[in-house]
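Below is one structure, written out as structure tokens; the observations come after it.
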């Protein structure tokens, strides 16, 4: 891969750091219908949280994102999670989401994410995943599911092995543990749903 291509790809993906630096806590939310939206958004804002990752786990998710963007885009950053296909990327690009989160990583999906022009964070769990991402020119990853792949201890090790990489761990993080994750030098933010309870 040419140096220019690596620099271009890194710049495209690194935009996600600008998003995550503003939001140390990223609520991961599943929305089933319109009646849930106002309560969810107002509840987050009341807690001083101005970011949301709406997962594509329900048939209503895309409509929910569209409504949140229309009503709350000046108050909250709207991202989309559980993105696993080109078709989903195209759909959320049309909705002008602020960032994209994928639970995993591969070169084909990565190409579509870069082409979208939207800040994105791919999911990794193993050293091989991280190396693949680094070969794509990326340095910022979702560590998922954090609780099943070593949690804080794994991130400490990854900090030594991959000193240029930072993470947004998600999965099994709760109100008792999120601050310990944020204390790690290689953690920029954390994702979860504990704040929704």
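Bear in mind these aren't lab numbers, they're just calculated from the coordinates by the rules spelled out. No experiment lies behind these values; they were computed from the predicted model shown. Positions of Cβ are backbone-derived with ideal geometry, glycine not excepted, and every protein chain shown enters the neighbour counts.
Using only the Cα atoms of the stretch 3-196, what semi-axes does the equivalent ellipsoid have when each is the square root of 5 times a gyration tensor eigenvalue? Give whole Å, largest first.
Working through the eigenvalues yields semi-axes of 25, 20, 14 Å.
Of 162, 120, how do they rank once you tally other Cβ atoms within 10 Å and put the fewest first?
The most exposed by this proxy come first: 162, 120.
Given a Förster distance of 41 angstrom, what is the FRET efficiency for residue 70 paired with residue 157, based on the Cβ-Cβ distance and rounded to 0.05?
Once rounded, the FRET efficiency stands at 0.40.
Given a Förster distance of 22 Å, report the FRET efficiency between residue 57 and residue 135 from their Cβ-Cβ distance, rounded to the nearest 0.05. Spell out each step's value before the answer.
Values: r = 29 Å, r/R0 = 1.34.
Approximately 0.15, to the nearest 0.05.
Modelled label-to-label distance, residue 196 and residue 96, 7 Å Cα→beta-carbon offset: nm?
Rounded to a tenth, the inter-label distance reads 2.5 nm.
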